[in-house]
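Below is one structure; the comments refer to it alone.
The values are calculated or read from the model by the stated rules, or taken from the named source; none is laboratory data. In this text the structure is predicted, and so the values were computed from the model without any measurement. Please note: Cβ atoms are built from the backbone with ideal geometry, for glycine as well, and neighbour counts cover all protein chains shown. Keep in mind that these areas ignore ligands, DNA and RNA; they rest on the heavy atoms of the full protein, side chains included. Shrake-Rupley method; radii C 1.70, N 1.55, O 1.52, S 1.80 Å.
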Amino acid sequence: SFRQILCCLIFSTSAVIVTAAARSRRPPHFHPGQRSHPTRRPANGEVEIEPEYTPKFERGVAYRRDASSAAATIDSSGNARMLMNEAIPNGSSDPSTRLRADLLSGYDRGTYPWDSVWSTASSPNNRTGVPIEIGINFHRVHEVSVVDGTVDLIVWFRLRWTDPRMTWDPADYGNLTATWFWIGDGGGSAGETSEMWSPDITLWNLDQGLETSLSDTYASVQSDGTVFWSRPGHLKPTCRFTGLGDFPFDTLSCKMEFGSWSYSGLYVRPIRMGSGYSIGGSDTAGQAFSEFRIPEGEDEPVVCEEHVYPPYPGAPEEDWPVMMCNVKFKRSWQPYTRGYILLQVILNFAGFASFWLPVACGERISLTITALLAAVASELVVASSLPSAAEMTWFQSFSIFSLVYAALALFESVAVIYFFYNHRSTLKPRWYCYLERHWANRQHESHASAPCKDGLPVINE
C-alpha cells in the first residue's frame with residue numbers, strides 16, 4: 001500500500017543520513033581495516049602510539065613489549081606513518097630464548113657442515129653422507145586404487161639426524177636439554193620459512209610429493225645435536241601391484257622408495273630407524289568397514305630395506321642410497337563372495353534345474369536366460385574394480401566358466417524345445433534342407449551343361 005511504501009522511503013533516508021554522519025566523524029585517512037589508537041603529541045612533533053598497539057613478531061622468537069617499539073610521524077602530506085623499531089629479544093630472563101638466539105646466530109639453513117662427517121672417514125675414498133634415519137608409522141589405509149595403480153596412506157613420517165651446529169651445554173641455559181625449531185615449506189634447504197637445515201628426503205615413486213602431502217611442524221633438537229622431525233599427513237605412491245592374480249582373495253603388495261633427490265650418498269644416506277616402520281600407536285588408528293587393511297597379525301606386513309643404486313659414470317664416488325618399504329594390503333574378500341561368487345553359483349544351479357522342468361513350461365527358457373544375464377552382469381560390475389590388463393585373475397576365470405556353463409544350459413534348452421515341437425517327417429532344420437536342395441540343383445545343372453562326345457559326357461582327367 002501507499003503507507004508501506006512511504007515508511008520504507010523514510011527508513012532508507014534515515015539510514016543514509018546516519019551513515020553519512022558516521023563517516024564525517026572519522027579521522028582523515030582512516031579505512032575499516034585500520035585500528036584507531038589514542039595518541040598524544042609531544043613537543044618534538046612525533047606521535048607515539050600507546051602500549052595497546054601490538055606489532056607482528058617473528059615466529060618462534062620472544063620479544064619484550066614496549067611502548068617505544070612502535071611510533072608514528074607525520075609526513076609532509078599529513079598522513080600518519082608507522083615507524084617500527086627493532087624488536088628486542090627477551091634473552092636476559094628467558095633461557096629458552098637465549099638458547100635459540102645463540103644457536104641461530106650465524107646459522108646457515110641452506111647448507112650442512114659436510115666436513116664434520118667426512119672427517120670421521122678412515123680415508124678420503126671412504127667418505128659417506130649424513131645418516132638420515134627414516135621411520136614411518138602407518139595410521140590407516142585411506143584408499144587403494146587398483147585401476148589407477150595408486151595408494152593413499154595416512155602416516156606419521158619421521159626423520160632423525162645429527163646437526164653438530166645445534167649442540168650446547170644444558171648447564172649454561174637453565175638445564176634445558178631440548179628446544180624446537182620450525183621447518184616449513186616441506187623442508188629441505190629451499191624452505192623459506194624454515195629456521196634450520198633439513199634433508200630433502202622425498203618419495204621417488206610419487207603420485208603427490210611429500211612437501212604438499214605432509215604437514216609442516218616443529219623439529220625437536222636435543223643438546224647433543226640430535227634432530228627429530230615428525231610430520232603427519234598422507235603418503236601417495238604409484239604402485240606396481242603384485243598378487244592381484246588371486247583377486248578377490250588377494251594380498252596386494254606395493255613398494256615405496258625414499259631418498260634424497262638432490263644429494264647423493266656422499267652427502268645424505270637414508271637408513272632405517274629401527275625396523276623402519278610401526279603400525280597404529282593411537283586409539284584412532286586402523287580402519288573399520290573398509291576394503292583394504294594392513295595385515296598386522298601376519299608375518300612381515302611391512303618390510304623396510306636399505307638399497308644402494310650404483311653411481312653414474314661421471315661421478316664414480318657418489319652412489320644413490322634409498323630406503324625401500326614394501327607394504328602389504330589384505331583385501332576383504334567377504335563382500336565379493338556374498339555378492340558375486342555365491343550368487344553366481346546359485347544361479348548356475350538354477351539354470352541346470354531347468355532341465356527338470358517340462359518342455360511345455362515357458363519358464364524353462366526364461367530361467368536359463370536369467371542365469372546367463374547374471375553371469376554377464378557380475379563380470380561387468382567387477383571389471384570396473386580391475387585394470388584393463390592382459391593378465392587373468394581368479395575371478396575372471398571363474399566368471400568365464402560360469403558364463404560358458406550358463407550359455408550351454410541355454411543352448412541345450414533351445415535344442416530340446418526345438419526338437420519337441422518339430423512335427424515334420426525329418427529332424428533336419430528347414431535351412432539345412434534348403435541348402436541341401438540348392439546344392440543338389442547346382443550339381444545337376446553343372447552335369448547338364450558339360451560337353452558331350454558320341455552322346456556321352458566328357459570327363460576331365
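What about ASP115, is it of a type in the set (D, E, K, R) and either open to solvent by less than 10 Å² (accessible area, probe 1.4 Å) or touching a Lys or Arg at 6+ places or on another chain (Cβ under 9 Å) (or both)? Spelling it out, it is not the case that ASP115 is of a type in the set (D, E, K, R) and either open to solvent by less than 10 Å² (accessible area, probe 1.4 Å) or touching a Lys or Arg at 6+ places or on another chain (Cβ under 9 Å) (or both).
Looking across segment 174-199, just one residue is farther than 15 Å from SER215 by Cα, in contact with a strand residue (DSSP E or B) (Cβ under 8 Å, 6 or more places away or on another chain), open to solvent by 30 Å² or more (accessible area, probe 1.4 Å) and among the hydrophobic types (A, V, I, L, M, F, W, C), and that is TRP180.
Taking residues in segment 195-219 that are without any contact (Cβ under 8 Å) to a residue 40 or more places away in the chain, and partners anywhere that are among the charged types (D, E, K, R), the pairs with Cβ atoms closer than 8 Å and at least 6 places apart or on different chains are LEU206/LYS236; GLN208/LYS236; GLU211/ASP185; SER213/LYS236; SER215/ARG231; ASP216/ASP185; ASP216/ARG231; THR217/ARG231.
Each row is one residue, and each column tells you yes or no for (1) among the aliphatic types (A, V, I, L, M); (2) assigned to a strand (DSSP E or B); (3) within 14 Å of GLN208 (Cβ to Cβ); (4) at pLDDT 95 or above.
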| site | (1), (2), (3), (4) |
| --- | --- |
| GLY135 | no, yes, no, yes |
| PHE138 | no, yes, no, yes |
| VAL147 | yes, no, no, no |
| LEU153 | yes, yes, yes, yes |
| ARG158 | no, yes, no, yes |
| TRP161 | no, yes, no, yes |
| ASP172 | no, no, no, no |
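Tell me, please, whether a residue that is modelled with pLDDT under 85 and over 23 Å from VAL147 (Cβ atoms) can be found in segment 283-294. No: zero hits. Scanning segment 200-210 for residues that are open to solvent by 20 Å² or more (accessible area, probe 1.4 Å) and closer than 16 Å to ILE132 by Cβ yields ASP200, THR202, TRP204.
Among the residues making up segment 246-289, those that are among the polar types (S, T, N, Q) and under 21 Å from ASN326 (Cβ atoms) are THR251, SER253, SER260, SER275, SER278, GLN287. Considering PRO170, PRO237, the condition of being surrounded by fewer than 20 Cβ atoms within 10 Å (Cβ to Cβ) and not β-branched (Val, Ile, Thr) is satisfied by PRO170 alone. Of everything in segment 324-344, what is assigned to a helix (DSSP H, G or I) and buried (at least 17 other Cβ atoms within 10 Å of the Cβ)? Give them in sequence order. Result: TYR336, TYR340, ILE341, GLN344.
Criterion first (of a type outside the set (Lys, Arg), open to solvent by 50 Å² or more (accessible area, probe 1.4 Å) and modelled with pLDDT of 95 or more) does PRO232 satisfy it? In short, yes. Of the conditions (1) under 29 Å from ASP250 (Cα atoms); (2) of a type in the set (Asp, Glu); (3) open to solvent by less than 40 Å² (accessible area, probe 1.4 Å), GLU296 clears all except one; give me its number. Going through (1) under 29 Å from ASP250 (Cα atoms); (2) of a type in the set (Asp, Glu); (3) open to solvent by less than 40 Å² (accessible area, probe 1.4 Å) one by one, GLU296 breaks only (3). Looking only at residues in segment 380-396 that are in a helix (DSSP H, G or I) and open to solvent by 60 Å² or more (accessible area, probe 1.4 Å), the one that is farthest from GLY339 (Cα to Cα) is TRP394.
Looking only at residues in segment 247-276 that are over 26 Å from TRP118 (Cβ atoms) and of a type in the set (S, T, N, Q), the one that is surrounded by the fewest Cβ atoms within 10 Å (Cβ to Cβ) is SER275. If you go through segment 98-112 and keep only what is buried (at least 19 other Cβ atoms within 10 Å of the Cβ) and either in a helix (DSSP H, G or I) or aliphatic (A, V, I, L, M) (or both), you end up with ARG98, LEU99, ARG100, LEU103.
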